[in-house]
Amino acid sequence: MRLPEISDADAREMLQVTTRQNQRLTILVSDLLLLSRLDIQSPAKRVPCCLQDILSDIEEELAAMAIAYDVHLMLNQSTEPAIIVMGNEEHLYRLMLNVVSNAVQHTAAGGKVLIQLQHGIRSTFPEGEKRQVCITIEDTGIGIALADQPRIFDRFYRVEHDRSRQSGGSGLGLSIALAIAQSHGGDIQVRSQIGQGSVFTITLPITSQVGCTSKQSLK
């Protein structure tokens, strides 16, 4: 604005830079607000959420990203019985989306990302046995060093060299994913070796198993 004159091309380039920075700031503020609400455990409406539906929608949403990164994205889940979690559907969607998109972004071209959904019984809850669901997201990326693994869920923490590529995110994706999982009585764990890829495991308590109204099929 201080320049006496500016060409249309220069003005357009500056506006594009401003737009990108504005979008990043908007995402950052939105992420920080969400984390703040999760920190204070702000009550949210809980409804029955079909995890098969959520994962199928995520596979569909991230298909274009996977193609752009030349990564083979696969979903392995059965359609029946439906696996139901009582929770905030928007938050559960964000939880899965953050972890899966992170895996896609940090897997080298020609690699694979596999999402699997399973359920079973866990007996280590304080109140006794509970049914739980296990969602694993396995990638063939370059892996995460053992020293970095305890910190990857810290806010704004970035692994040195960003595992493979700069994603341009806020650095809060995995922090948000962990906070959402814990707010639903679940957890996230990571297992990784340099050069061998990574496996993120999300566990959530299951409410029930009923007929599914989803459109997905076994993939």
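The values are calculated or read from the model by the stated rules, or taken from the named source; none is laboratory data. Remember, it's a predicted structure, so these values are computed and weren't measured experimentally. Don't worry about glycine lacking a Cβ; one is built from the backbone with ideal geometry, like all the others, and counts go over all protein chains shown. SASA here: full protein model, heavy atoms, side chains in, ligands and nucleic acids out. Shrake-Rupley method; radii C 1.70, N 1.55, O 1.52, S 1.80 Å.
Which fully enclosed helices (runs of 4 or more DSSP H) of region 1-85 have 3 or more residues being without any contact (Cβ under 8 Å) to a residue 40 or more places away in the chain and among the polar types (S, T, N, Q)?
Where helices (runs of 4 or more DSSP H) fall fully within region 1-85 and carry at least 3 residues being without any contact (Cβ under 8 Å) to a residue 40 or more places away in the chain and among the polar types (S, T, N, Q), they are 8-39.
Going through region 93-119 one residue at a time, which ones are open to solvent by less than 50 Å² (accessible area, probe 1.4 Å), of a type in the set (S, T, N, Q) and out of contact with any Leu (no Cβ under 9 Å at 6 or more places or on another chain)?
GLN105, THR107 - these are the residues of region 93-119 that are open to solvent by less than 50 Å² (accessible area, probe 1.4 Å), of a type in the set (S, T, N, Q) and out of contact with any Leu (no Cβ under 9 Å at 6 or more places or on another chain).
Under 9 Å by Cβ, and 6 or more places apart or on different chains, what pairs join a residue from region 88-101 that is of a type in the set (Lys, Arg) with one that is at pLDDT below 95 and assigned to a helix (DSSP H, G or I)?
Here the result reads ARG94/LEU34; ARG94/ILE176; ARG94/ALA177; ARG94/ILE180, each pair linking region 88-101 to a residue that is at pLDDT below 95 and assigned to a helix (DSSP H, G or I).
Taking only region 55-92 into account, find how many residues are in contact with a strand residue (DSSP E or B) (Cβ under 9 Å, 6 or more places away or on another chain) and open to solvent by less than 70 Å² (accessible area, probe 1.4 Å).
23
Which ones in region 142-178 are at pLDDT below 90 and small (Gly, Ala, Ser)?
GLY143, ALA145, ALA147, SER164, SER167, GLY168, GLY169, SER170, GLY171, GLY173, SER175
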